[in-house]
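Enquirer: If you scroll down you'll find the structure; I have some questions about it.
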Amino acid sequence: MAHTPPRGRLPDRHHLFQPADRADEGSQLDWEFGDLAPAALIDVKPSHATDRPQLMPRPSPELLDPREPKGSAAARARAASPLASAFRSGDAEARVAMLRRVLDDALDDWWSDNELPSPSLLRDGLLALEAGHDLDEGHRTLLLRAALSHRKGVLTALRYQTDGDRTAFLLKDAVLNVWSPLSPELLWRLRREDEHSGAWAKELARELQDELNVVEGVQHQLAERALAALRSRRPPTPNTGAQTERGLELVLRPVLLVKDPATWGRYWSPGRAVIVLLVTLLVLIGPMRPGRTAGSGLLSIPGGEYTLATVDANGEQLSSAMTTVTLEAFAIDRTEVTNRNYRQCVLVGECDPPHTPASATRPDYFDNPIYDAHPVVNVTWGGAQQFCRWLGKRLPTADEWTVAASIAPVSGRQFRYPWGDLYEPQLANVRETRIGDTRPVAVDYPKGISPWGAADMAGNVAEWTATSNGDGYVIKGGSFVDGALGVHLAAQQSAPPASATATIGFRCAADLP
């Protein structure tokens, strides 16, 4: 049965919550954020950057006025319009099949170039869902990404998400996007009007609380505001939100208020340009100071029973069997141990140096400070244990590592990759990125992190664990030379404890009370 969202207040360009009956005369309904009107009313300007076929015709202006009574001729015309019925007509299946192929191409563009679907394709996807057609989970996730980016159809896209943990992750990304953050007012509205918000709101609050411990500057402020909005029973004060957004705009994206060349010279005086540059550097460089990465610190994982997928004897192919493990509460490093971390242990005489200072392509990898933030490699299993013990920690077991990398905290579901079930190579340092060596830990944080917030659990370097399987010790996560199968979170390899290669690193864990 097709799902039709309820009619509600339709925001215009200036007032997000302006009722439809107060809209200016002659204004054209624009498909703004969270529009509660049926998707068939969406008016989308042609995309300037897509050559994909348009599956749906553009609605005529006379069908776009939301103010007429439901039983009027215009309302009946809207209900019978091509936009409202195209995905329910006789050739609907052919249209949906074409849409799925276009969305497959859009997924490829997202994986390779971080390019999101155009508003027109977003509209078509939501219309198909509204008509009762099913789309792959990857398609629905991509539509939510696009909706959050374009600020169009977000509420509709939310209604077709089936994984609360994944939804919380995407919303957190939108909240912490310093260039175009999801405002507290709109987040509060989503929390209130999405009937499935209980599946993601609690997890989003938990993730934002964790972010307050690791982010600084503007992102810290954004996380605080979003968390307060989630916990509030009343909408955030619009004036305060507007003032804060204006402050962010002045710091992060200063623009001319008018295009007069004379005004340009007055606005961008040398003194003002220097001030803007210094403020921008203070805000944005804070989290990148030497000795601190965006993903530093420990993550706490509660004890309990976890259901994990198993692998075959070669550790490559997934089997259909599942196993339940019982773990005590533990903590695990947010990032892989870096060259700088390990070098400190070597300098005080507590750790042996790596087997060789070279990495796959860099002869002075361990000794050169330029690679301080990269993961240490060429360390044996014993060397990894030695470092962790120096800090009062230990190596994680294979089961602990897998839980931290793949289990969704709220639903208990296991993902195939840290970010979800679809292989998205642009979110990790894997074979398809063609780097051919390590990159700094958490370099794209928070992109590609696990549901618990751990970075680089797929790719970059494979990681030692404390679990022995008879042939050696289990290695998890895959490295920059591995593809989809090698970095699958249920897959594993093993190596003798004396192995020391340019593709193996580690992170530490600790017991919790």
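The values are calculated or read from the model by the stated rules, or taken from the named source; none is laboratory data. These figures come from a predicted structure and were not determined experimentally. Neighbour counts run over all protein chains shown; Cβ positions are idealised from the backbone, glycine included.
Enquirer: So which residues in the range 175-197 are β-branched (V, I, T) and either out of contact with any helix residue (DSSP H, G or I) (no Cβ under 7 Å at 6 or more places or on another chain) or assigned to a helix (DSSP H, G or I) (or both), if there are any at all?
Expert: Across the range 175-197, the qualifying residue is only V175.
Enquirer: Follow-up question, since we're still on this one. Looking at the structure I just gave you, is I370 farther than 13 Å from V461 by Cβ, crowded, with 21+ Cβ neighbours inside 10 Å and of a type outside the set (S, T, N, Q)?
Expert: For I370, the condition - farther than 13 Å from V461 by Cβ, crowded, with 21+ Cβ neighbours inside 10 Å and of a type outside the set (S, T, N, Q) - is not met.
Enquirer: Here's something else I'd like to know. Say we look at the range 461-482 and pick out the residues that are over 28 Å from the mean Cα position of the chain (by Cα) and outside any loop (DSSP other than H, G, I, E, B); which of these is nearest to P425 (Cα to Cα)?
Expert: Top of the filtered list is V474.
Enquirer: Tally up the residues in the range 431-465 that are over 20 Å from Q492 (Cα atoms) and of a type in the set (G, A, S), please.
Expert: Residues that pass the stated criteria total 3.
Enquirer: With at pLDDT 95 or above and in contact with a Ser or Thr (Cβ under 7 Å, 6 or more places away or on another chain) as the only criterion, which of V311, V377 stands out?
Expert: V377
Enquirer: Can you pull out the residues in the range 143-154 that are closer than 29 Å to G217 by Cα and crowded, with 21+ Cβ neighbours inside 10 Å?
Expert: L144, A146, A147, L148, K152, V154
Enquirer: Let me ask something else about it. Hey, can you tell me all the residues within the range 397-446 that are in contact with a helix residue (DSSP H, G or I) (Cβ under 7 Å, 6 or more places away or on another chain) and either part of a helix (DSSP H, G or I) or farther than 21 Å from E207 by Cβ (or both)?
Expert: P425, Q426, E432, T433
Enquirer: Right, something else. Condition first: at pLDDT 80 or above and assigned to a loop (DSSP other than H, G, I, E, B). Now tell me which residues in the range 314-330 satisfy that.
Expert: Hits for the range 314-330 are E328, A329.
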